[in-house]
Amino acid sequence: MKKNFIKFYLGLFAIAGVAFSCQDLDEKPEGFVNPGNFYATIAQGEAALTGSMEALWNAWGPGYSYGYGNFIQDDQLLDGDLNIGNGFGGDLWSQHYLAINNINGVLRGIKKGSLAGVDEAELAQLAGQAHYLRAYNYFALVRLFGDLPLITEDTPDPVVTPIKTRTPVADVYALIESDFLFAIDNLPTSWGGEPGKPTKGAAQALLAKAYLTMATAPLNKTENYAKARDMAKALMDAGTYSLVPKVGDVFMPENKFGPENIWSFVSTSDDVTTDPQIWTPEIMDGWGDASIDVLWAENWLDKRPDEPRQDAYLILEYDGTPWEEFTEQRPFIRKYVMPYITDDQYNNLQSTSITPIIRYADVVLIYAEAENMAAGGPTPAAYDALNSIRRRAYDLPLNVANVTVDLALGLSKEAFDKAVIEERDFELCLEYDRWFDIIRKRLLNELATKYHPENIGNVTDDDYLYPIPDFDAKILGSQNPGYTTEN
Amino acid sequence: MNKHLLKKNSRAYCCMLICLLSVTGSATTVLATEARLVNHVSAKAARFDKVISGRVVDENNQALPGSNVVIKGTTVGTTADADGKFSLSVPDDTQTLVVTYIGYAVQEITIGNRTEINISLQPDLSTLNEVIVVGYGEQRKSDLTGSITSVKGEDLAQLPTQKVGEALQGRAAGVMVLSPSGQPGGPTTIRIRGMNSINGSNQPLIVIDGLQGGDINSLNPNDVESMEILKDASATAIYGSQGANGVILITTKRGKKGAPTINYTYTVGVQQLRKKLDLMDAGDFARSINDNKATLNQPGSDVIVPTPVFTDAQIAQYDKSKGTDWQNEIYRTAPIQTHQLSISGGSDNVQYLVSTGYLNQKGILINSAFQRFSLRANVNVDITKWAKFGVSWAGIKEKGNTPPFGEGASDIDPLGQVVSLAPRWGAVIPVYDELGNYSRHPSGFGEPNSWNPVASGREPFIENNTMRNNLNLYLDFKIAKGLTFRVTGGAVTANRDNYRYLNQKTLDGFKKSGTGYVNASEYARYQNSNILTYDKHLGQHHFTVTAVAEQQVEINRGSTTNASGFLVDGAGIFDLGGATTLTASSLSTKRVINSYLGRVNYSFGEKYLLTASYRADGSSVFGANNKWGYFPSVSAAWKLSEESFIRDLGVFSDLKVRGSWGITGNQSISPYATLAQIASGYNYPYTGGDVTDIGFSIIRAANPNLKWESTTQSDLGLDMGLFNGRLTATFDYYVRTTKDLLMSRQLPTYTGFSSIIDNVGKTQNKGLELTIGGDPLVGDFKWNTSFNISGYRAHVVDLGGLEQLPFRTTTGAGYGFSTNNNTALLYLKPGHEFGEMTGWISEGTWKSSEADEAAKYAQLPGDIKYKDVNKDGFINRQDLTIIGHAVPNFIFGFNNRFSYKGFDLNFLITGTQGNDLFNVNRIRLERPGEGTSTALLDRWTPDNQNTDVPAFISQSTRKSSFVGVPAKVSVTDTRVSRWVEDASYVRLKNITLAYTFPGMTTSKLGVKRLRTYVTAANLFTITKYTGYDPEVSSFNSSDARLGVDFGSYPTSRSFIFGIDLSF
């Protein structure tokens, strides 16, 4: 009996051991952040905004985006045919919204007071950046996709409460305007060691561009021309930014962050999406992935003989070989390669060139366009603005009239407007800007006739908007016209 | 609410614990009851005339407590006590007693005049009475009510691959084994009864000596005593939330009583590429490039005719030299060798076994190799008559390296990879340039931004070290007669050290001035199981009751340091201080499972069998609202062969029908997946330089309701034995339905997320399995054979309202399809089967005689003729249809063993029927302007119209042919049936010829046993598939992506010689 007694207690201990060592089933993650314990410091807020820029870089990164992808259908790039197909550009939509989700997190954190107690001025700058970035994201989305699901820090969690309607374009612009205005009031004029961050000037410039866009298609609210003009003028008068005098210097590394470049996408040298060979012809040991439509280039070359800007922005010859004799028999894009990066960088497949989002030349042209349209005809100020760009293209003094280069006097409002758009086509070529001009000025038919007659039946007004990704369109219950949502 | 539930649950554990305690506590009571029951029988038999007493022992004269002694033809009987003694009152006319004990042959004893009888039982060698391992216990094979296949360790040892998982291929019905890549030390995909989960793992649970979550391929095959494959719910439900994919129980060898035995085995062999792709030599390639170039006449203001890439002089030179054979440059004949040494033996109280193994394998791809050193030791000790313990330890050191190949090496630029790229580099490119450096791809043809494949293969320094420790101990108490309590504790740990350095001769290293990482991680899984078993015979009734309380904890930790910008390329990753950029990351996760389970086995008269089990699992990885899950099962069997009306037929030595039903779960999601997450690593350089600002991004939305996938499985089975067991057959039909699938539920991307993990959807899988085995020849010349065949149909019932789910099957690096923009190859759709490929059907090319018909589609003769599925005059997305099926109709294995005197011939044929592979590699190998495949030589020309390879058509001709006619064909990506190939195959997987030297010869040499053998693996394969191997799956991580061949490491053919010595 005693034996059994011992056995009994041995068993008891064993089982008791189980009872006391039961593991807790609640998860207490280590090394893991969730929205509940984030957004507690300025640095964490900044990190979320930084994350939002990384998302945009995925969709806009040079080379893979302009060269192959989301903007290839304009008239400037080879293989573009002005015709937007089903499913095109969907990652712009998703990456912008990914960015907005991160930005709204910061704004929600600020509103909830999770940053209470930090320096007011720092908090205002953080909020300023958040509003600025959100406005920029919606500005890109509303132009590309039209009516949008509008999500702000006050919107109930869309994962739990799905959004099934699209906010009209005009209302999206209302948010863009108020966000940019907030940013103008709260952003600094410069950031010191972090020149890639948005400034007050960038907010002014982009708001001017937003007003100008509101004045044109699809809203056509022409009262915004004056607002665009005034906003551009305010920035020009402030004197923070200016045109780089020589056109060949605009993209030089020392000018990456001013005085002309206001806000750009930047990348590190080892970023795989920026291999500069994407932009260059075989004769330069390049891969020739992204190059220029020959007809578009010939148009420019014919219209402006011997313009130094062409050589500054395009690869028209290499080592004495003209583009006609390249293996590819077409010109290439210089803005992102030598001399704007070093030979060493090039040979190591590296690039630290920037991709401008807004630069001062753009602001000057916004001013010229808005001033002309608001005043009902080209004023001397409008002429001065436009001519400063034309003179710079020839490396001439910006403020000295030059009959050969300056635009002919006495143009009608329409003719001047056309001249501005053409100047934008050349000056801002291959900077992601052309497609937005095409859609706000409704140029598709004209350009199809000129460059893609084989495609005339296929290019329609439906191509002024990109399609919404299928699944999102299904949830929203609407797709942009001309696109089918199917498998 | 959540807290409340938890409280309720913890109360539930307490109740169960108290139950357990009281069961143990009443041990003495049980013992007393036992005695009373025996007395009861005696009392009832009081009118009987004589008392027979005696002792039941085994072949070694050891007592067999619990053996049954029954009067033949009645239910009157008793069981032997702890000393094997029994006493039974019997009627005077009693002639015969029947004595049974699990694992021993039934013995009938004629009493005669005796009253004192000692009975010695002999172990039962027929498989029916074989005892096999089941979850948390063991059972006699003939008593099984579930579907379990047993594989013997000796069938595994000769495999050249040294992977236990792979050794299962073709051996068991319903078990599909894929070697998705031929990489040494690479993974094995095992599917028991196909697939049910879409997002979760479909890999079965591996239990090694009772420890769950083992790694099957790190085992030394020589250490395996037996493997049991648990297939139906009656067998697997005992593993609850981890049992849905089936369970493989592995028992390792242990020491046996007797003098020390030393066994030594040595094998050596070679492996080689099974087949090469047909590629053009340099001259043909250059001509093909030129011919295509001539068609690229760009429309500028005038049609510009391009200059040829290669001059005639160059081509003449290429025709002479034939150029580089890139496949020969990256593949080689590779050696493999193993050593095995084991010592075992033991006394009555202590038994031991120590075994070591060493594997050294080079891969057929340059710079790939695998080494494994393993040591396993175990000791069993009988402490007293009622307590014993055992301890085992296994240490396994693995070291492997394989250069990046195909897809999956996410941190490597896909352009720098080897297997898919080497055949795409034209034969005109030399491996080295004039200076002896690796050549760069010239511009003008092919893919100039890709990297020299030999450099990508040979230059990376990659070393992956894993040190595994498996520690396992048990303590057994016989608390009372029939009542045992077993406590087991175990730990499985794996420490990994991975080093990778890409020097400046590789693409990434070149761009980043040398780049690499150091990664260290630690994995540990602890398990404690407490098993109480009560076994009771009551006349014809036999009960076994098992109750278990168990807990498991799994911890993963690791850190990685990425470095680039090395000042000194040679020092590489071992001089992190010399790197200009360092980025670090680390992680830690923990998973906890608490479980309580019980099982009852009941049999009546050896004819009627019933098993019921129930398990409750609490798991930390699930949502706060769903921590606990419950998994019941019930099964029954009827042994018809025990019924006199069947026995009297004299045909069946065994005939049994089985039926089972049960629920199992799948909890394979990562810890913390139910919580929202903001993650680091989304940096952006506001500085404008190479220093990035730290960025965080919200990457996951919370889902507190997440719970297990649950699989309900029903199985109907029939076991048959004829001609005294010389012919056996087993047949099973099953239906498995899985609901609450753990899946990414797509979210509209404007939420900021693309998906959330949720329990959505339902799949169903129905299948048949048949195994036929037999011994057609016995005697001197023996032939043992077995054939198994199985098939299933898995389809999606529901995706939670979603119409379809796309799966990514390339990185999109120039192959032309992806999940972006709805251009996925593989979708799951409700009502459709797994593995359906979506695309356009190509029906060859348009012939000249069909020019008018072609023109209706604005196509020219020589263009691909697509099928206008909806006949609307356009080829567009409305014409997308099913172009292939990845899941085989059936798979089979045919295993044979012939033996004559000392000779032994053993071969295994395996195969699949009715499955397709999408051969992604061909898309670029056959693309004009870069393709190297000889298929391009067979392209359409006016003289060669009977081909499915399209012509090279001049762009200006095309534009001028259909001016003003809108395009009618918009095949916007490469999902075309042209790339779908029948991947059915029949393969001689393994053939071994062995000779065992006669005892006389060996004893002269002082050797107990001497055996030599030669083995060939993958000796021949019959298939129409044109890729390296039909047995691949490049996207192995999810079963929804089966059937894609994209740059997989090719399987090899190998020849091995071995020698086996025992002392």
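The values are calculated or read from the model by the stated rules, or taken from the named source; none is laboratory data. Remember, predicted model here, so these are calculated numbers, not experimental data. In this analysis, Cβ positions are derived from the backbone assuming ideal geometry, glycine residues included, and neighbour counts consider all displayed protein chains.
Assorted remarks:
- Among residues of segment A:402-417 that are surrounded by fewer than 15 Cβ atoms within 10 Å (Cβ to Cβ), those with a Cβ under 9 angstrom from a residue that is of a type in the set (Phe, Trp, Tyr) and modelled with pLDDT of 95 or more, sequence gap 6+ or separate chain, pair up as A:Asn402/A:Tyr394; A:Thr404/A:Tyr394; A:Leu409/A:Tyr383.
- Check on B:Asp319, surrounded by fewer than 17 Cβ atoms within 10 Å (Cβ to Cβ), part of a loop (DSSP other than H, G, I, E, B), away from chain A (no Cβ under 14 Å) and not small (Gly, Ala, Ser): no
- Residue among B:Arg424, B:Arg376 that is modelled with pLDDT of 85 or more, over 30 Å from B:Gly323 (Cα atoms) and charged (D, E, K, R): B:Arg376
- In the set A:Ala419, A:Ala375, A:Ala415, A:Ala408, only one residue is more than 25 Å from A:Leu301 (Cβ to Cβ) and among the aliphatic types (A, V, I, L, M); that residue is A:Ala375.
- Residue satisfying all of: in segment A:428-481; basic (Lys, Arg) and more than 21 Å from the chain's Cα centre (by Cα); farthest from the other protein chains (Cβ to nearest Cβ) among these: A:Lys450
- Among the residues making up segment A:275-291, those that are surrounded by 24 or more Cβ atoms within 10 Å (Cβ to Cβ) and among the β-branched types (Val, Ile, Thr) are A:Ile278, A:Thr280.
One line per residue, one yes/no per condition, for (1) buried (at least 22 other Cβ atoms within 10 Å of the Cβ); (2) within 26 Å of the chain's Cα centre (by Cα); (3) within 14 Å of another protein chain (Cβ to nearest Cβ):
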| position | (1), (2), (3) |
| --- | --- |
| B:Tyr474 | no, no, yes |
| B:Ala480 | yes, no, yes |
| B:Leu502 | yes, no, yes |
| B:Gly509 | yes, no, yes |
| B:Ala524 | no, yes, yes |
| B:Ser529 | yes, yes, yes |
| B:Leu538 | no, no, no |
| B:Ile555 | no, yes, yes |
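- Of all residues in segment A:335-385 being within 14 Å of chain B (Cβ to nearest Cβ) and small (Gly, Ala, Ser), the one that is surrounded by the fewest Cβ atoms within 10 Å (Cβ to Cβ): A:Ser353
- Note on segment B:585-601: among residues that are within 13 Å of chain A (Cβ to nearest Cβ) and of a type in the set (Val, Ile, Thr), the one that is nearest to B:Ser644 (Cα to Cα) is B:Ile593.
- Test: residue in segment B:590-605 that is in contact with a Pro (Cβ under 7 Å, 6 or more places away or on another chain) and on the phi < 0 side of the Ramachandran plot: yes
- Only residues that are facing another protein chain (nearest Cβ under 7 Å), touching a Pro at 6+ places or on another chain (Cβ under 8 Å) and aliphatic (A, V, I, L, M) were counted across segment B:669-707, and they come to 4.
- Within segment A:70-119, the set of residues being surrounded by fewer than 21 Cβ atoms within 10 Å (Cβ to Cβ) and β-branched (Val, Ile, Thr) comprises A:Ile72, A:Ile110, A:Val118.
- Scan of segment A:189-221 for residues that are of a type in the set (Phe, Trp, Tyr) and either buried (at least 22 other Cβ atoms within 10 Å of the Cβ) or within 30 Å of A:Asp463 (Cβ to Cβ) (or both), ordered by number: A:Tyr211
- For segment B:602-620, the count of residues that are away from chain A (no Cβ under 14 Å), more than 30 Å from B:Glu642 (Cβ to Cβ) and in a strand (DSSP E or B) is at least one.
- Considering only residues in segment A:291-323 that are within 12 Å of chain B (Cβ to nearest Cβ) and not in a helix (DSSP H, G or I), the one that is farthest from B:Pro448 (Cα to Cα) turns out to be A:Asp293.
- Any strands (runs of 3 or more DSSP E) falling wholly within segment B:1006-1063 and containing at least 2 residues that are under 17 Å from B:Gln913 (Cα atoms): B:1021-1023
- All positions within segment B:731-755 that are within 10 Å of another protein chain (Cβ to nearest Cβ) and assigned to a loop (DSSP other than H, G, I, E, B): B:Leu747, B:Pro748, B:Gly752, B:Phe753, B:Ser754
- Every residue from segment A:120-177 that is more than 14 Å from chain B (Cβ to nearest Cβ), more than 18 Å from A:Thr213 (Cβ to Cβ) and either of a type in the set (Phe, Trp, Tyr) or in a loop (DSSP other than H, G, I, E, B) (or both): A:Asp154
- Residue match in segment A:255-268 (condition: away from chain B (no Cβ under 14 Å) and basic (Lys, Arg)): no
- In segment A:324-341, the qualifying residues are those that are in a loop (DSSP other than H, G, I, E, B) and among the aromatic types (Phe, Trp, Tyr), and the one that is nearest to B:Asn297 (Cα to Cα) is A:Phe326.
- Annotation: A:Asn186 fulfils all but one of (1) away from chain B (no Cβ under 14 Å); (2) crowded, with 24+ Cβ neighbours inside 10 Å; (3) closer than 21 Å to A:Ser52 by Cα; the unmet one is (2).
- Tabulated pairs, segment B:624-651, first within 14 Å of chain A (Cβ to nearest Cβ), second buried (at least 19 other Cβ atoms within 10 Å of the Cβ), C-beta under 6 angstrom, 6+ apart or interchain: B:Asn626/B:Lys707; B:Lys627/A:Leu25; B:Lys627/B:Gly618; B:Trp628/B:Gly618; B:Gly629/B:Ser241; B:Gly629/B:Asp617; B:Gly629/B:Gly665; B:Gly629/B:Trp708
- Applying the condition of being of a type in the set (D, E, K, R) and buried (at least 19 other Cβ atoms within 10 Å of the Cβ) to segment A:386-401 and asking which residue is nearest to A:Arg424 (Cα to Cα) yields A:Arg390.
- With respect to the conditions (1) within 14 Å of another protein chain (Cβ to nearest Cβ); (2) closer than 24 Å to A:Ala368 by Cβ, A:Lys209 falls short on a single one, namely (1).
- Segment B:345-358: number of residues that are more than 28 Å from the chain's Cα centre (by Cα) and buried (at least 20 other Cβ atoms within 10 Å of the Cβ): 2
- Test for B:Ala520: is it over 29 Å from B:Thr252 (Cα atoms) and either aromatic (Phe, Trp, Tyr) or modelled with pLDDT of 90 or more (or both): yes
- Residues that are touching a residue at least 60 places away in the same chain (Cβ under 8 Å) and either under 30 Å from B:Ala616 (Cα atoms) or within 14 Å of chain A (Cβ to nearest Cβ) (or both) within segment B:566-576 comprise just one, B:Asp569.
- Answer from A:Leu428, A:Leu349, A:Leu396 - the residue that is within 26 Å of A:Asn224 (Cα to Cα) and among the aliphatic types (A, V, I, L, M): A:Leu428
- Total residues in segment A:444-484, condition surrounded by fewer than 15 Cβ atoms within 10 Å (Cβ to Cβ), among the acidic types (Asp, Glu) and closer than 30 Å to B:Ser754 by Cβ: 1
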